[in-house]
Amino acid sequence: MPQLGLLHRRAWAAFLGQLRRPPRPVCIRTVHSHSQVAEAVLTSQLKPRQEKSNFIIKTPKGTRDLSPQQMVVREKILDMVVSCFKRHGAKGLDTPAFELKEMLTEKYGEDSGLIYDLKDQGGELLSLRYDLTVPFARYLAMNKLRKMKRYHVGKVWRRESPTIVQGRYREFCQCDFDIAGQFDPMIPDAECLKIICEILSGLQLGDFLIKISWKDVRHEMVAKKGLAPEVADQIGDYVQCHGGVSLVEQMLQDPRLSQNKQALEGLGDLKLLFEYLTLFGIAEKISFDLSLARGLDYYTGVIYEAVLLQTPAQAEEEPLNVGSVAAGGRYDGLVGMFDPSGHKVPCVGLSIGVERIFSIVEQRMKAFGEKIRTTETQVFVATPQKNFLQERLKLIAELWDAGIKAELLYKNNPKLLTQLHYCENMGIPLVVIIGEQELMEGVITLRTVASREEVAIKRENLVAEIQKRLSES
């Protein structure tokens with residue numbers, strides 16, 4: 001059977017060929033979670049950079065860390081600012097760090113190019129907030145609010161060239177106070193100027209001046225109200241004189257201005273404003289300055305900016321050009337831009353330049369070599385004995401439960417000298433010492449760190465004695 005033999009040979013050859021082939025891969029479907037995929041991508045991106053020898057650990061351009069010492073100074077500034085806002089009846093408010101991109105566009109004019117846009121994550125187009133004013137207007141419109149006096153402290157982001165020495169960053173903190181609602185003319189405006197004066201005086205930054213601009217008002221009079229340009233220019237000449245109430249009176253006597261209805265109304269508002277500022281006792285801090293211009297599109301009326309004046313005593317210090325330290329103005333049309341019916345809610349507000357103020361305070365503290373406590377610890381719990389950790393823990397719990405700020409070293413058997421040195425270095429005013437002798441006699445040794453004076457106090461009277469001493473210090 002030659003033909004059959006041929007078929008067998010071919011089958012045998014085919015079988016040997018199957019054996020020589022590499023095994024076919026088995027297809028196994030693996031389901032990865034989004035977090036696993038993201039982690040794998042991030043690892044692949046970071047690994048080559050980590051292998052480079054020139055890798056530098058730093059913060060992004062235009063940002064910074066704040067050390068514990070800096071945080072103490074910053075918190076004191078913020079506490080003073082916020083306490084002033086609350087003194088004037090403001091409510092606290094917070095909004096998201098990012099907004100819908102469409103909410104921020106066409107609100108800032110040329111500055112819109114400085115807005116940080118976030119990468120599309122398959123949903124809404126978002127941007128980091130540029131300031132706190134536009135989110136406030138969005139909040140009012142969204143919640144159909146017609147009146148509100150609020151303060152807001154939060155971070156904002158701008159893609160501008162940072163100048164760190166002048167207190168300008170890409171990420172920075174803003175402190176805003178705003179009054180929204182329909183009220184009688186110039187009363188809220190005067191209060192905003194009063195608040196700026198209170199804060200700058202309280203921070204003891206030196207002499208300052210608040211400049212008020214008529215530039216936008218002049219444009220409104222010429223372009224919208226039909227005031228003749230030469231009349232507006234006449235107003236401009238007066239404004240450049242940098243005056244107050246007397247300047248307003250002088251302008252009212254000028255027939256070229258007093259005979260024009262729009263100019264007369266504007267001067268009436270100015271006179272009213274200065275009457276209120278005089279009653280508040282701050283009229284001498286206010287000056288007209290036509291050169292003042294704020295780039296934000298949403299301002300519709302009076303705008304103002306506070307600048308520090310270098311005194312002869314400060315002239316010896318290194319100059320620090322930080323620009324304005326507070327600013328604000330009226331924006332009556334911003335809320336209406338968010339309202340579907342276009343309903344307007346008049347608003348006026350201010351913003352305190354915390355970063356710039358911080359730069360000034362920090363520089364002056366360095367110049368005078370002031371030491372800053374980074375904690376608020378009032379009492380330190382110490383022992384001269386070994387194996388007294390349990391007694392220290394019971395004692396410090398009593399202090400904490402009584403609302404006293406207290407610390408101890410996280411060691412079983414710390415040396416007494418080490419504990420006392422820690423108190424002196426950290427500026428802790430009092431030390432309570434517990435040992436075998438104190439435990440037997442039912443007392444605690446209370447030590448004043450500054451004078452090193454020690455006195456034995458009964459255990460049951462310790463909290464009261466500490467509270468008494470702290471209230472007297």
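Scanning region 379-398 for residues that are among the polar types (S, T, N, Q) and in contact with a helix residue (DSSP H, G or I) (Cβ under 6 Å, 6 or more places away or on another chain) yields a count of 2. Just to be sure, is E438 of a type in the set (D, E) and surrounded by 12 or more Cβ atoms within 10 Å (Cβ to Cβ)? Here the answer is yes, as E438 does meet what is asked.
Only residues that are surrounded by 13 or more Cβ atoms within 10 Å (Cβ to Cβ) and either at pLDDT below 90 or within 22 Å of M142 (Cα to Cα) (or both): list them for region 87-104, please. Hits for region 87-104 are A90, L93, T95, A97, F98, E99, L100, K101, M103, L104. Contact map, region 91-112: residues that are among the β-branched types (V, I, T) paired with residues that are surrounded by 12 or more Cβ atoms within 10 Å (Cβ to Cβ) and not in a loop (DSSP other than H, G, I, E, B), Cβ distance under 9 Å, separation 6+ or inter-chain. Pairs shown: T95/P135; T95/F136; T95/R138; T95/Y139; T95/H152; T95/G154; T105/S112; T105/S127.
Restricting region 61-86 to residues that are in contact (Cβ under 8 Å) with a residue 12 or more places away in the chain and open to solvent by 90 Å² or more (accessible area, probe 1.4 Å), the residue that is farthest from Y298 (Cα to Cα) is K61. The condition of being assigned to a strand (DSSP E or B) and surrounded by 15 or more Cβ atoms within 10 Å (Cβ to Cβ) holds for only one of L399, L409, L420, L446, that being L446. Among residues of region 406-433 that are in contact (Cβ under 8 Å) with a residue 40 or more places away in the chain and under 14 Å from L393 (Cα atoms), those with a beta-carbon under 8 Å from a residue that is assigned to a loop (DSSP other than H, G, I, E, B) and open to solvent by less than 10 Å² (accessible area, probe 1.4 Å) at least six positions away or on a different chain give the pairs I433/T383. Residues of region 106-121 that are polar (S, T, N, Q) and surrounded by fewer than 14 Cβ atoms within 10 Å (Cβ to Cβ): Q121 alone. For T383, are the conditions met, namely being open to solvent by 40 Å² or more (accessible area, probe 1.4 Å), within 21 Å of H421 (Cα to Cα) and of a type in the set (S, T, Y)? Spelling it out, it is not the case that T383 is open to solvent by 40 Å² or more (accessible area, probe 1.4 Å), within 21 Å of H421 (Cα to Cα) and of a type in the set (S, T, Y). Of the strands (runs of 3 or more DSSP E) entirely within region 130-214, those holding at least 3 residues that are open to solvent by 30 Å² or more (accessible area, probe 1.4 Å) occupy 148-157.
Against the list (1) more than 27 Å from E75 (Cα to Cα); (2) out of contact with any helix residue (DSSP H, G or I) (no Cβ under 7 Å at 6 or more places or on another chain); (3) of a type in the set (D, E), the condition D401 fails is (1).
Going by what's in this entry, would P135 be described as at pLDDT 95 or above and under 28 Å from H88 (Cβ atoms)? Yes; evaluated as a whole, the condition is true for this residue. Based on this model, can you work out whether G342 counts as on the phi > 0 side of the Ramachandran plot and either surrounded by fewer than 21 Cβ atoms within 10 Å (Cβ to Cβ) or assigned to a loop (DSSP other than H, G, I, E, B) (or both)? The answer is yes for G342.
The values are calculated or read from the model by the stated rules, or taken from the named source; none is laboratory data. All values reported here derive from a predicted model rather than from experimental measurement. Backbone-built Cβ (ideal geometry, glycine too); neighbour counts: all protein chains shown. Only protein heavy atoms, including side chains, enter the accessible area calculation; ligands, DNA and RNA are left aside. Shrake-Rupley method; radii C 1.70, N 1.55, O 1.52, S 1.80 Å.
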